[in-house]
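Note sheet for the following structure.
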Amino acid sequence: MINKESVLVVPDEMVMNKIYMIRNQKVMLDRDLAELYQVDTKRLNEQVKRNSKRFPDDFMFQLTQLEFDNLKSQNATSSWGGIRKLPLVFTEQGVAMLSGILSSDRAIAVNIQIMRIFTKVRQMLTDTTELRLDIEKIKKKLDNQDKNMEIVFRYLDELMEKKENPESRTKIGYK
């Protein structure tokens, strides 16, 4: 059992800010994870290398130079300096696998927190998608109502025109 008082977990917002969308996947950088686990990035990557069979390509991959440059420009920060190798990034499954190779109380607690945040992010995306679908339904209904209103106004215009310009009818009956 983890002693909750001895392990200080980080605010959820801090973890959420370290989740990026790369190659259409939610991922976390090795350096960010190392910071959260309070270990050196080098040590984290050594453990990953020793356990490479646990990390297939859909769990972890190395950024390309272009991806890394894009990430740096999005973050508008110069604190990335001095890296010699392109960073590794871990998908949700890769982060979960890290819990198997990092066994400190802090690593376990942070991993649990990260898994919960990934779940929250997924739920937020689901809620957003449902909201978008609802908005699209409303738009379609409004479009149909607009078309129906246009037809009604067209008929009203025709009726008004007939009233203003009545057609002369041939009269029937006695003179």
Looking only at lysines whose Cα falls under 24 Å of residue 147's and that sit 8 or more positions away or on another chain, we get 137, 139, 162
Taking only Cα atoms of the chain, the Rg to Rh ratio with Kirkwood Rh works out at 1.49
Note to self, the chain gives a 222 nm [θ] from helices alone (DSSP H runs n ≥ 4, -39500 (n - 2.57) apiece, / all residues, nearest 500) of -20000 deg cm²/dmol
Simple spin-label estimate for residue 120/residue 46, 7 Å along Cα→Cβ, in nm, reads 3.3 nm
So for the range 127-175, using the alpha carbon gyration tensor with a ≥ b ≥ c as root eigenvalues (a/c under 1.5 gives rounded; past that, a/b versus b/c decides prolate or oblate), I'd call it prolate
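Residue 93 to residue 170: extension gain in nm, 0.36 nm per residue of separation minus the Cα-Cα distance? Show your work: numbers first, answer last.
On the way: separation 77, 0.36 × 77 = 27.72 nm, distance 8.64 nm.
Full extension from residue 93 to residue 170 adds 19.1 nm.
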Expected sort for 131-141, 102-112 on mean C-beta neighbours within 10 Å, highest first, is 102-112, 131-141
By the DSSP-based rule, helices of the chain that are at least 27 Å long along the axis (C-alpha) and have a mean Kyte score of at least -1.0 are 105-164
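None of the figures in this text is laboratory data; all of them are computed from the coordinates on show. The structure presented is a predicted model; accordingly, all values stated were derived computationally and were not measured. FYI the Cβ positions are ideal-geometry reconstructions off the backbone, even for glycines, and counts take in every protein chain you see.
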